[in-house]
Every structure is written in structure tokens, then in C-alpha cells.
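First the structure, in the form of C-alpha cells, and then the observations on it.
The values are calculated or read from the model by the stated rules, or taken from the named source; none is laboratory data. All of these numbers come straight from a predicted model, not from anything done at the bench. Here the Cβ positions follow ideal geometry from the backbone for every residue, glycine too, while neighbour counts run over all protein chains shown.
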Amino acid sequence: MPFGLLKYGFRGGRLPARRLPARPELKPRYDVVVIGGGGHGLATAYYLARDHGITDVAVLDKGYLGGGNTARNTAIIRANYLTPDSVRFYDESVGLYRELSNELDYNVMYSERGHLTLAHTDAAVRTARWRAEVNKHLGVNSELVFPDEIRRLCPQLNLSDEVRYPILGALYHPPGAIARHDAVAWGYALGAADRGVELHQKTEVTGIVRANGRVTGVETDRGRIACGKVVQAVAGASSLVAGMAGFRLPIRTVPLQACVSHPLKPFLDPIIVSGSLHVYVSQSARGELVMGGATDPYGVYQNRSTLEFKEGLMAHILELFPFLAEVKVLRQWAGMADMTPDFSPVMGETPVENYYIDAGWGTWGFKATPVCGKRMAETLATGRVPELIEPFRLSRFAEFRQVGEKGAASVGH
Amino acid sequence: MKIMPCPLNGPRNISEFVCGGEVVVAPEPNLCSDAEWADYVFLHDNQAGVVREWWFHVPTAYWFIAERDSRSDEILRTYPASELFNKRQAYRPPKGEAKGTGDGS
């Protein structure tokens, strides 16, 4: 194998690395305009072109591709949710993620690690059992495990009783995985560009043009463009863009902070999450511990980091892994989480005709990137909302039919 | 730690406070439609800029109003709720209910 690799390295005639095309001039009109060049927007454009033959598509982003919350999450992929609606939805996403590197011919470094949601109280054990049963019923691999099994799966965890919140059990979800979040955006961008989709970075949408209750175009800082349909996929600015289109959303935008440690030798295989302690931690392929916690207590449109967050998070991390006390934090950042009251996304139709929304992704957006792109593309192409995402429609709030997803990250039990 | 100037308690650490959301005028629950009520309960302006919010000082159970820039997180002004809500609201019975009952007055 090493010789084969060496020979390959010295052999000429390989195809050059795929590059994104340079930004073209804006055309006066597109069939579909996607606002937001993150994972979701790019995936939507990709599946529009691949599955539905719609290639007259422009993806607009005020910054650069995948530079918003796609780059700011902790890259965890799982389907062990609580409500059947969510379990079905995220399970399809896990299936698409498994095939994504082959599908895109781009390595997204999908790595199945197993996912442990720790329970520190009787109430949390009960929720874990509930989630396991709902998951199994829908064919998703999850089970309730107790400290003897947890010790086998993750011997590094502090399972002592001599802590403030002893570990009583866990929801074990073997398909839980991590992936390289930037690669997901870049892979979809290349796949979409190969099929004729135009990618317009540094192109900010400044207004939504409407006539008779339907969208007819968008204003950008590079001029006005007409369009057939629009989909907004701008996590962290959803209310602001929806405000341009003239409607309000059930969203509060709150910072979600995270950080990574300096690189360590691989020691942590599974992804460890604790709803009670507001901790999630995994070890990336680079060896960095990727750590996140609860959302900030109030809304700010700013990616600042706070000392209180890190103090609280580290206190809990050290309870789980006391031997990390000497490890340094290498990077810190925050993303903007669009929190909905039922911890579920908002997808599909809006009060404006031909204007579709993909928002409310709070702390659960990255793991839904492929399924959301695929199903939003289907919605745009067919004009019908697929059954899979129908429970997440914007109008559910006016009907008092919220989804109530307490299996979301950063939700205490 | 960020400091919140409380109208009752003076400057205190912001961890002593809870944000109660945007100040909005509640529709009359007995008279409004379901759609108006859902709008009031679920939908938010959630805009970037100067926002007017309810805040609650937990140790003293005191609600007040703060004006804050949601882009810079700068607290511009705080004041007692009585500055905005200074008129007594008369009870309005739901449609169909006999007048003069229900509020004990």
C-alpha cells in the first residue's frame, strides 16, 4: 500500500483538483434564487440540479460559501430524536450523509463514532428510554445503556458516584457521527457548479421584490434580479431576511458558543453529550476536542465569546473527564442559533407565494443539511411540500400544532 | 461579567437577570381571534438594532424594561414598567358573556 501510494504520487497525468468557477456577472433573471450559500442553500441548489434538472439557479451569499453557521457548528450527525416526525426526518439525513462522500466525489470525512447522551437524573433516564423506544419503533438504532456498558463504550468517562451529577445511564446511538462541516458545503458547491448552478459570493440581498402577494425578484448590492422562486436559507439572519419579505417568524436568534482544545492523540471515540450538564464533546480527525454547550441566555446578533460560557462548560467537561484539566483551549467562536419554541425547524411555504423558507435551525441544522436540501429542492420543483417535512411547516404555529422536540441539543430534561 | 443597571437595585451582574422577550402589546385574550393570539404568543420581530425588552431581576422578583442594541449588546436605558404601562386596563368580558361579571368590580 505505501509503495502504491508512492507510485501514484510520482505518476503524472492526474486530473487537476476541482475548483469553483469564478463569480460570473448576475443575469437579469433566474428560475430559482437561493439566498444563503451555506450547507443548506448549496445542498438545495445541488439537488435542484441533480434530481429535478433545474439549473437556472443562483446562490447568493453576502459573505463566502459556508462562512456562516455551516462553519460554526460542532458537526454532530445523529437521528436519535424524540418525536416520530423528527426521527424520520433526521434518519433520512443520516442515510444521505453515509453516502455523501461518494455521491459528491468529495471527502466530507464522515466518521461514525457512536453517540452517548448521558442521563444524570431519573427524569433523564426516563427520557432516554422514551427516545430509545421511539427510535427502535422507527428502525433507528438506539438503546438505553447503564454504567457497566458505558464503561465498556467509553472507559475514559468519569463514572464515579463522587461527583455532583453521577451518570445513571445513557442513550446509546451507534450511528452517531461527525463530519468535516466545511467539506460538506464545498462538496455541494462543486457538485452544484458542475451542473450549471451559479454561485455568487459577496452578493448581499437588500430587499425582496413582491407583487400581488408573490415574490418576483430580489434586490442585491449588485443590482436587481427577477426570479421565479426564492428560497431563503440564512440561519442566524432568518428573521431579518423574512422581514424584507414582509412576514415574521417564531424565532429568537441567540448566540451558541463552542470551542476546541489543542490537538491530542486520539483517545475519545464516541461523541459524548449531556443534556443535564449542557455539554457535548467529540474528538475531531485532527485530534482537537470539539466542545459546545447551551445557548446564551439572551439574544445578540454578534459572534462574541464570553468567559462565563467557558467557565460553565469547562466545569462540566472536567466533571466528565477530570484528566483534561491541563488541556488548553485553542479556538473559540459563536454561531447564531435561530431558536424556535418547539426546538424544530421551519421549512416550506410562507405567506408570500413562491417564497420558501428554510429556517429555525437552532442547534440542529448541520445534521439536517442533506435531507433539508433534498426535500426543499423537491418542494420548489414540484410545488408540493413532501410528507417528511410537512410537520415543520410555518403555519403549524397558527394551528397550535407544534412538534415539541425535546431531543434537540442543549435542551435540558 | 456584563453589568445590567436595574432601576430598582442599581448595577448588578447580568447573570442575576432573565430576559423576558420583546415588549409587545398583548391582544385581549377574550376578544381576539386564534390567529391574533398565535401571532402574539409565537412570532417575534427578532430584529438587529435597538430593541425594547422585558427583563427580570430574579433575586428581587422585579420586572422592568430595558432598551438594548441587539447588535452590540449595549444596554442603552432601563426603566420601570410603569413608565410605559401607566393606565389601568378595564376588564372586557368575552363575547356572549353577561356584562358586569367576572372581574369582581
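Of all residues in region A:97-120, exactly one satisfies the criterion of being touching a Ser or Thr at 6+ places or on another chain (Cβ under 8 Å), polar (S, T, N, Q) and not in a strand (DSSP E or B), namely A:Asn107. Among the listed residues A:Leu15, A:Leu42, A:Leu26, which satisfies the condition of being touching a residue at least 60 places away in the same chain (Cβ under 8 Å) and more than 17 Å from the chain's Cα centre (by Cα)? When all the criteria are applied, what remains is A:Leu26. Of all residues in region A:131-148, those satisfying the criterion of being free of Cβ contacts under 8 Å to residues at least 60 places away in the same chain and not in a helix (DSSP H, G or I) are A:Leu138, A:Gly139, A:Asn141, A:Glu143, A:Leu144, A:Val145, A:Phe146. Taken over region B:80-95, the criterion of being under 21 Å from B:Gly10 (Cβ atoms) and surrounded by 13 or more Cβ atoms within 10 Å (Cβ to Cβ) is satisfied by B:Pro80, B:Ala81.
Number of residues in region A:238-256 that are facing another protein chain (nearest Cβ under 8 Å) and either more than 16 Å from the chain's Cα centre (by Cα) or surrounded by fewer than 24 Cβ atoms within 10 Å (Cβ to Cβ) (or both): the value is 8.
In summary, A:Ala408 fulfils each of the numbered conditions (1) modelled with pLDDT under 95; (2) in contact with a Phe, Trp or Tyr (Cβ under 8 Å, 6 or more places away or on another chain); (3) within 14 Å of chain B (Cβ to nearest Cβ) with the single exception of condition (3). Any residue at all in region A:83-96 that is part of a loop (DSSP other than H, G, I, E, B) and farther than 18 Å from A:Arg375 by Cα? Yes - at least one qualifying residue is present in region A:83-96. In this structure, does B:Ile65 turn out to be more than 9 Å from chain A (Cβ to nearest Cβ), within 30 Å of A:Phe400 (Cα to Cα) and among the aliphatic types (A, V, I, L, M)? Spelling it out, B:Ile65 is indeed more than 9 Å from chain A (Cβ to nearest Cβ), within 30 Å of A:Phe400 (Cα to Cα) and among the aliphatic types (A, V, I, L, M).
In region A:149-162, the residues that are touching a residue at least 40 places away in the same chain (Cβ under 8 Å) reach residues that are part of a loop (DSSP other than H, G, I, E, B) and among the acidic types (Asp, Glu) with C-beta atoms within less than 8 angstrom, at least six apart or across chains, in these pairs: A:Cys154/A:Asp269. In the set (1) of a type outside the set (A, V, I, L, M); (2) exposed (fewer than 14 other Cβ atoms within 10 Å of the Cβ); (3) more than 9 Å from every other protein chain (Cβ to nearest Cβ); (4) within 23 Å of A:Gly312 (Cα to Cα), B:Gly20 fails one condition alone, (2).
Considered as a group, the residues in region B:24-57 that are more than 11 Å from every other protein chain (Cβ to nearest Cβ) and more than 14 Å from the chain's Cα centre (by Cα) include one that is modelled with the highest pLDDT, and that residue is B:Val50. Can you give me the number of residues within region A:308-331 that are touching a helix residue (DSSP H, G or I) at 6+ places or on another chain (Cβ under 9 Å) and surrounded by fewer than 13 Cβ atoms within 10 Å (Cβ to Cβ)? Residues that pass the stated criteria total 1.
Of the residues making up region B:14-52, those that are under 16 Å from A:Asp296 (Cα atoms) and touching a strand residue (DSSP E or B) at 6+ places or on another chain (Cβ under 7 Å) are B:Ile14, B:Glu16, B:Phe17, B:Val18, B:Cys19, B:Gly20, B:Gly21, B:Asn46.
Within region A:67-91, being more than 23 Å from A:Ala294 (Cα to Cα) and either within 14 Å of the chain's Cα centre (by Cα) or without any contact (Cβ under 8 Å) to a residue 12 or more places away in the chain (or both) holds for A:Phe89, A:Asp91.
Determine which member of the set A:Val163, A:Val140 is of a type in the set (Val, Ile, Thr), farther than 21 Å from A:Val231 by Cβ and surrounded by fewer than 19 Cβ atoms within 10 Å (Cβ to Cβ). Give the derivation first.
Values: A:Val140 fails: surrounded by fewer than 19 Cβ atoms within 10 Å (Cβ to Cβ).
On inspection, the qualifying residue turns out to be A:Val163.
Of everything in region A:257-298 that is at pLDDT 95 or above and surrounded by fewer than 17 Cβ atoms within 10 Å (Cβ to Cβ), the residue that is nearest to A:Ala408 (Cα to Cα) is A:Asp269.
Checked against the criterion of being closer than 30 Å to B:Pro94 by Cα, more than 9 Å from chain A (Cβ to nearest Cβ) and of a type outside the set (Ser, Thr, Tyr), region B:3-15 contains not a single residue that satisfies it. Candidates are the residues of region A:362-388 that are modelled with pLDDT under 95 and in contact with a strand residue (DSSP E or B) (Cβ under 8 Å, 6 or more places away or on another chain); the one that is surrounded by the fewest Cβ atoms within 10 Å (Cβ to Cβ) is A:Thr363. Looking across region A:283-302, the residues that are within 11 Å of chain B (Cβ to nearest Cβ) and not hydrophobic (A, V, I, L, M, F, W, C) come down to A:Asp296, A:Pro297, A:Tyr298, A:Gly299, A:Tyr301, A:Gln302.
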